[in-house]
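Participant: Shown below is the structure under consideration.
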Amino acid sequence: WKVNKYGFINFWLFDDEQIETSNGNLLLSGENGSGKSVTLQSFIPLILDGNTNSNRLSTEGDTSRKIDWYLLYGEKEQNISYLYVEFEKEEMGEKKFLSFGIGFKIRKGQRPVKWYFKLEDMRIGKDIKLYKRESGQNLIYEKRDLQKLFEKEAPNSHTIFNNRLEYKIDINQSIFGFEDIGEFEETLNLILELRKPNLK
């Protein structure tokens, strides 16, 4: 498997944004302050294990930024957001797709509610959307609405996880294949080290 694209819905500055890779590779280029680090830290490695602790959301490893900052950016009082990643591989001459995602529902002053999902061979933004268009606005699906959508459009091709641990275990089994979840966590820690701007 290789990463085909990252997706953001109602998250930070993004309304509905897809960042595609080139054969699994991604290069972010821009001037200082243009948002490269914020974009990077908002999905790597968060999307791979669902860990939204503050020290995981900063390339410096500090606790200065919380997930709430991304979800309520622009002085929002409440919000529903999604992050997702689409993986791709070729098998017997046919392309296969596998997506993992995290949904957030938050109200100012409260901790966000989170849910996690996997979607097989249905592509977000092409075959299925995580919101509906109504009266000129995107109405983002809450967890129960997402469940109904998946049951209707992809009844045998989706999983909604009960908790973050189940989500993380499934990503490891489906994508990375480490026999021990500790080895997967070590890989995520290595990613955290590699993304630090002061790496020598």
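Participant: Yes or no: Ser135 under 13 Å from Phe117 (Cα atoms) and modelled with pLDDT under 95?
Facilitator: Judged against the criteria, Ser135 is not a match.
Participant: So how many residues does the range 164-181 have that are more than 19 Å from the chain's Cα centre (by Cα) and either basic (Lys, Arg) or assigned to a helix (DSSP H, G or I) (or both)?
Facilitator: Residues in the range 164-181 being more than 19 Å from the chain's Cα centre (by Cα) and either basic (Lys, Arg) or assigned to a helix (DSSP H, G or I) (or both): 1 in total.
Participant: Given the condition closer than 27 Å to Asn23 by Cα and assigned to a loop (DSSP other than H, G, I, E, B), answer yes or no: does some residue in the range 95-117 qualify?
Facilitator: No; the residues of the range 95-117 include none that is closer than 27 Å to Asn23 by Cα and assigned to a loop (DSSP other than H, G, I, E, B).
Participant: I would also like to ask the following. Counting just the residues of the range 64-81 that are part of a strand (DSSP E or B) and open to solvent by 10 Å² or more (accessible area, probe 1.4 Å), which one comes out farthest from Phe14 (Cα to Cα)?
Facilitator: Gln78
Participant: Continuing with this model, one more query. For Tyr84, which of the numbered conditions (1) more than 21 Å from Tyr131 (Cα to Cα); (2) touching a helix residue (DSSP H, G or I) at 6+ places or on another chain (Cβ under 9 Å); (3) open to solvent by less than 20 Å² (accessible area, probe 1.4 Å) fails to hold?
Facilitator: If we test Tyr84 against (1) more than 21 Å from Tyr131 (Cα to Cα); (2) touching a helix residue (DSSP H, G or I) at 6+ places or on another chain (Cβ under 9 Å); (3) open to solvent by less than 20 Å² (accessible area, probe 1.4 Å), just (1) comes out false.
Participant: Hey, another quick one. Which ones in the range 92-122 are of a type in the set (Lys, Arg), surrounded by fewer than 17 Cβ atoms within 10 Å (Cβ to Cβ) and under 19 Å from Ala154 (Cα atoms)?
Facilitator: Lys95, Lys96
Participant: Among the residues of the range 108-137, count how many are touching a Leu at 6+ places or on another chain (Cβ under 9 Å) and farther than 25 Å from Glu88 by Cα.
Facilitator: Of the residues in that region, 4 qualify.
Participant: Also, quick follow-up: Pick out the one residue from Phe184, Phe161 that is surrounded by 14 or more Cβ atoms within 10 Å (Cβ to Cβ) and over 17 Å from the mean Cα position of the chain (by Cα).
Facilitator: Checking each option against the conditions leaves just Phe184.
Participant: Also, quick follow-up: Would you call Asn10 more than 16 Å from Phe104 (Cα to Cα) and at pLDDT 90 or above?
Facilitator: Against the criterion (more than 16 Å from Phe104 (Cα to Cα) and at pLDDT 90 or above), Asn10 does not qualify.
Participant: Follow-up question, since we're still on this one. Taking the condition at pLDDT 85 or above, open to solvent by less than 60 Å² (accessible area, probe 1.4 Å) and among the acidic types (Asp, Glu), does Asp49 pass?
Facilitator: Yes.
Participant: I've got another one for you. With the requirement that a residue be surrounded by 14 or more Cβ atoms within 10 Å (Cβ to Cβ) and without any contact (Cβ under 8 Å) to a residue 60 or more places away in the chain, what does the range 123-138 give you?
Facilitator: The answer is Arg123, Ile128, Lys129.
Participant: Just the residues that are open to solvent by 40 Å² or more (accessible area, probe 1.4 Å) and of a type in the set (A, V, I, L, M, F, W, C), please, taken from the range 164-181.
Facilitator: The answer is Leu165, Ile169, Phe176, Phe178, Ile181.
Participant: Can you tell me which residue in the range 142-158 is least open to solvent (accessible area, probe 1.4 Å), limited to those that are in a loop (DSSP other than H, G, I, E, B) and under 18 Å from Val85 (Cβ atoms)?
Facilitator: Per the stated criteria, the residue is Ala154.
Participant: Right, Ser37: surrounded by 14 or more Cβ atoms within 10 Å (Cβ to Cβ), modelled with pLDDT under 90 and over 26 Å from Asp170 (Cβ atoms) or not?
Facilitator: yes
The values are calculated or read from the model by the stated rules, or taken from the named source; none is laboratory data. Quick caveat, the model's predicted, so the values are computed rather than measured. Cβ: placed from backbone, ideal geometry, glycine included. Neighbour counts: every protein chain shown. For accessibility, only protein heavy atoms count, side chains too; no ligands or nucleic acids. Shrake-Rupley method; radii C 1.70, N 1.55, O 1.52, S 1.80 Å.
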